[in-house]
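What follows is a short report on a single structure.
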Amino acid sequence: MTLQDIINDSQRIVFFGGAGVSTESGIPDFRSVDGLYNQKYDYPPEQMLSHTFFVRKTSEFYKFYRDKMICLDAKPNKAHLKLAELERAGKLTAVVTQNIDGLHTLAGSKTVYELHGSVHRNYCTKCGKFYGIDAIINSTGVPTCECGGIIKPDVVLYEEGLDNDTVNGAVSAIASCDTLIIAGTSMTVYPAAGLVRYFKGKYLVEINRDATAIDDQCDLVIHGKVGETLDKITV
Ligand code: APR
């Protein structure tokens with residue numbers, strides 16, 4: 001069966017995506033050869049994106065975070081736009097993403113479970129006041145709240161847990177879909193990658209440039225670019 005056949009035969013598609021969905025928007029992924037984790041820094045990027053590093057070296061965290069995690073000139077690509085179109089057509093029930101760039105929402109998707117949070121949401125660690133991304137990009141050093149507290153991005157850092165409501169929403173969407181499309185993710189980071197075990201529908205599809213550990217479990221594997229692949233789909 002082709003991807004088009006599977007989509008034609010599906011009414012409740014869920015899309016589970018990772019950093020590879022945003023590379024065609026110009027945002028590097030993490031583990032490809034040109035990915036963030038293969039670039040040279042004073043500390044390993046996975047260490048800089050940890051809770052401990054945020055607490056102990058907050059100004060160094062923000063230097064890396066502003067430099068590498070916020071890509072404001074990135075625009076939704078063909079993958080994001082096609083998924084929003086599938087949702088509007090009533091074929092797709094949810095996007096579950098590991099990405100924090102907000103591009104699915106920007107593309108018009110309504111039901112998006114951001115497992116690792118979003119750069120567009122920031123909170124004061126003292127009083128809980130919400131701040132948009134402007135509070136981060138229009139400041140230097142460690143951004144602080146009017147109350148004097150440190151503002152922290154609503155992004156799941158290493159050592160931190162995922163938001164319960166977000167996980168519950170993603171699990172129920174995956175558990176009740178008829179087709180799960182997994183794309184642009186190396187499927188190496190848990191618990192996100194583990195949510196796929198709740199799938200019990202008809203078709204498991206993977207669209208990924210490189211092979212992953214779930215290739216042999218899938219009904220259809222496409223080793224290619226997710227934007228280009230989805231752009232060929234007619235809704
Ligand atoms: N089309 C299809 N696949 C692509 C594309 C593309 N245009 N570009 C990259 N890929 C694939 C790569 O082959 C790779 O397997 O996307 C995958 C990206 O894998 P990672 O870089 O590991 O990104 P991801 O799986 O999202 O990482 C998960 O790790 O550090 C944490 O919180 C971070 O959310 C992130 C998590």
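The values are calculated or read from the model by the stated rules, or taken from the named source; none is laboratory data. Fair warning: this is a prediction, and the values are worked out from it, not measured in the lab. Positions of Cβ are backbone-derived with ideal geometry, glycine not excepted, and every protein chain shown enters the neighbour counts. SASA here: full protein model, heavy atoms, side chains in, ligands and nucleic acids out. Shrake-Rupley method; radii C 1.70, N 1.55, O 1.52, S 1.80 Å.
Of the helices (runs of 4 or more DSSP H) that lie entirely inside region 67-168, those containing 2 or more residues that are in contact with a helix residue (DSSP H, G or I) (Cβ under 6 Å, 6 or more places away or on another chain) and of a type outside the set (Gly, Ala, Ser) span 78-88, 103-106. For region 38-46, the count of residues that are without any contact (Cβ under 8 Å) to a residue 60 or more places away in the chain and outside any loop (DSSP other than H, G, I, E, B) is at least one. Residue pairs whose Cβ atoms lie under 8 Å apart, separated by 6 or more positions or on different chains, with the first residue in region 108-133 and within 16 Å of the ligand (Cβ to nearest atom) and the second among the aromatic types (Phe, Trp, Tyr) and assigned to a strand (DSSP E or B), are ARG121/PHE130.
Checking each residue of region 192-213 against the condition of being in a loop (DSSP other than H, G, I, E, B), polar (S, T, N, Q) and over 19 Å from the mean Cα position of the chain (by Cα) gives no match.
Residues in region 111-131 that are open to solvent by 10 Å² or more (accessible area, probe 1.4 Å) and polar (S, T, N, Q): THR111, THR125. Residues of region 25-40 include at least one that is more than 10 Å from the ligand (Cβ to nearest atom), open to solvent by less than 70 Å² (accessible area, probe 1.4 Å) and of a type in the set (S, T, N, Q).
From the list ILE174, ILE233, the one residue that fits, being within 16 Å of the ligand (Cβ to nearest atom), touching a Leu at 6+ places or on another chain (Cβ under 9 Å) and open to solvent by less than 70 Å² (accessible area, probe 1.4 Å), is ILE233. When region 1-24 is examined, which residues are found to be within 12 Å of the ligand (Cβ to nearest atom), in contact with a Gly (Cβ under 9 Å, 6 or more places away or on another chain) and assigned to a strand (DSSP E or B)? Answer for region 1-24, where residues must be within 12 Å of the ligand (Cβ to nearest atom), in contact with a Gly (Cβ under 9 Å, 6 or more places away or on another chain) and assigned to a strand (DSSP E or B): just GLY17. The number of residues in region 195-219 being charged (D, E, K, R), touching a Leu at 6+ places or on another chain (Cβ under 6 Å) and surrounded by 20 or more Cβ atoms within 10 Å (Cβ to Cβ) comes to 0.
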